[in-house]
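**Student:** There's a structure below that I have some questions on.
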Amino acid sequence: MSNSDFVALSKQMVEVKKVVNLVKGIKVDTIIIGETGTGKSKIAKSILPEAIIINGENTEDVLKGLKSFNEVIIENFDKIRNYDILHMQDQKIVATASKKPKDSVVDKFFGIVIELDPLSKRVEDIKPLMVQFLEDAKESLKIDSDISSEQILPDISQNCHSLKRSVYKKLLGDSLDEAGLTNTMSDFFFDRIETDDNYSHFLAMFDKAIIIANYKKFKSQLMMSYKMGINRNTLRKKINELELKLDE
């Protein structure tokens, strides 16, 4: 997938792609509205792949950009303090915003409005996005791995941002050998050693990780206690102490 292309399997994104393909060929200013990580910047670059990108939080940069360039992407358009000073005439503009500006502002500056739902409402896009992120991660990190997207628990709490992190975390985690994992844990602990009871606190972290891993693998506390070699009551007590929520 090229840098100017974007995933479009959900009903909404199929329609967005149609609009984008139309907008590319005509002189019309467009605003793209959506939560952080919904793909606003990707779509903006798809419309204007060669355009300069300006942050709307810097009024001076916005004014200079509008004066100096024919094609401009304005990110954080909703953060512009004074819309009255903008003069958008001969340029082709694509703006992005996390929140929709007032209707009067939108009507004044834009002929096309694209509103993006969060990934929680575009579930058809999640898997192909994970596949794309996984391919990118393997290439950028130079990791030869047979991990598939099916093995990764998607985090869409921050849309594409958290989804991408979940892919990278899984790939990096699975690429570590015992020595690499030990070094990583050592660095983690070193940065967090602050109290006298840090040893027991860190042991609790190990217990949580081991119990969660066994639950994922064996699916029941009965099988877990057998495989882990501990009494089931002892296991249940430890789960309660750690306040773990294991669905059975």
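The values are calculated or read from the model by the stated rules, or taken from the named source; none is laboratory data. Given the structure is predicted, the values throughout are model-derived calculations rather than measurements. Positions of Cβ are backbone-derived with ideal geometry, glycine not excepted, and every protein chain shown enters the neighbour counts.
**Student:** Output the residues belonging to segment 48-86 that are exposed (fewer than 14 other Cβ atoms within 10 Å of the Cβ), acidic (Asp, Glu) and in a helix (DSSP H, G or I).
**Tutor:** If the condition is that a residue be exposed (fewer than 14 other Cβ atoms within 10 Å of the Cβ), acidic (Asp, Glu) and in a helix (DSSP H, G or I), then 60, 84 are the ones that fit.
**Student:** Also: Residues being among the aliphatic types (A, V, I, L, M), more than 24 Å from residue 149 (Cβ to Cβ) and loosely packed, with under 13 Cβ neighbours inside 10 Å: count how many of those fall in segment 168-203.
**Tutor:** Number satisfying all stated conditions: 3.
**Student:** Being surrounded by 18 or more Cβ atoms within 10 Å (Cβ to Cβ), part of a helix (DSSP H, G or I) and not small (Gly, Ala, Ser) is the filter here, so list the residues in segment 149-167 that pass it.
**Tutor:** Matches in segment 149-167: 160, 163, 164, 167.
**Student:** Go through 127, 45, 121, 92 for me and flag whichever is crowded, with 16+ Cβ neighbours inside 10 Å and under 30 Å from residue 171 (Cα atoms).
**Tutor:** Details: 127 fails: crowded, with 16+ Cβ neighbours inside 10 Å; 121 fails: crowded, with 16+ Cβ neighbours inside 10 Å; 92 fails: under 30 Å from residue 171 (Cα atoms).
Just a single option satisfies the conditions, and that option is 45.
**Student:** Does any residue of segment 172-182 turn out to be part of a helix (DSSP H, G or I), closer than 21 Å to residue 38 by Cβ and either of a type in the set (Val, Ile, Thr) or touching a Phe, Trp or Tyr at 6+ places or on another chain (Cβ under 9 Å) (or both)? Before you say what the answer is, go through the steps one by one.
**Tutor:** To start, the set of residues in segment 172-182 that are part of a helix (DSSP H, G or I) comprises 172-175, 178-182.
Those left that are additionally closer than 21 Å to residue 38 by Cβ: none.
Checking segment 172-182: not a single residue is part of a helix (DSSP H, G or I), closer than 21 Å to residue 38 by Cβ and either of a type in the set (Val, Ile, Thr) or touching a Phe, Trp or Tyr at 6+ places or on another chain (Cβ under 9 Å) (or both).
**Student:** I would also like to ask the following. Pairs under 7 Å by beta carbon, first residue surrounded by 12 or more Cβ atoms within 10 Å (Cβ to Cβ) in segment 8-20, partner assigned to a helix (DSSP H, G or I) and of a type in the set (D, E, K, R), six or more apart or different chains?
**Tutor:** 8/17; 9/124; 9/125; 10/124; 10/125; 13/125
**Student:** Could you list, in sequence order, the residues of segment 223-241 that are in a loop (DSSP other than H, G, I, E, B) and either exposed (fewer than 11 other Cβ atoms within 10 Å of the Cβ) or of a type in the set (D, E, K, R) (or both)? Outline the logic, then answer.
**Tutor:** Looking only at segment 223-241, we keep the residues that are in a loop (DSSP other than H, G, I, E, B), and these are 229-231.
229, 231 - these are the residues of segment 223-241 that are in a loop (DSSP other than H, G, I, E, B) and either exposed (fewer than 11 other Cβ atoms within 10 Å of the Cβ) or of a type in the set (D, E, K, R) (or both).
**Student:** Then there is this: Taking residue 146 and the conditions (1) outside any helix (DSSP H, G or I); (2) touching a residue at least 12 places away in the same chain (Cβ under 8 Å); (3) not assigned by TED's automatic domain parsing to the domain that holds residue 27, which numbered condition does it fall short on, given that it satisfies the others?
**Tutor:** Result: residue 146 fails condition (2) only.
**Student:** Does at least one position in segment 205-222 carry a residue that is among the β-branched types (Val, Ile, Thr), out of contact with any strand residue (DSSP E or B) (no Cβ under 7 Å at 6 or more places or on another chain), outside any helix (DSSP H, G or I) and not assigned by TED's automatic domain parsing to the domain that holds residue 18? Spell out the reasoning first.
**Tutor:** Of segment 205-222, the ones among the β-branched types (Val, Ile, Thr) are 210-212.
So of that shortlist, the ones also out of contact with any strand residue (DSSP E or B) (no Cβ under 7 Å at 6 or more places or on another chain) come out as 210-212.
This time we only want the ones that are outside any helix (DSSP H, G or I), so: none.
No - not one qualifying residue is present in segment 205-222.
**Student:** When both residues are 6+ apart or on different chains and their Cβ atoms are under 9 Å apart, which pairs have a first residue that lies in segment 226-244 and is in the same structural domain as residue 210 (by TED's automatic domain parsing), and a second that is among the acidic types (Asp, Glu)?
**Tutor:** These pairs meet every condition: 238/207; 241/207; 242/207.
**Student:** For the list (1) closer than 25 Å to residue 12 by Cα; (2) modelled with pLDDT under 95, I need the number of the one condition that residue 33 fails.
**Tutor:** (2)
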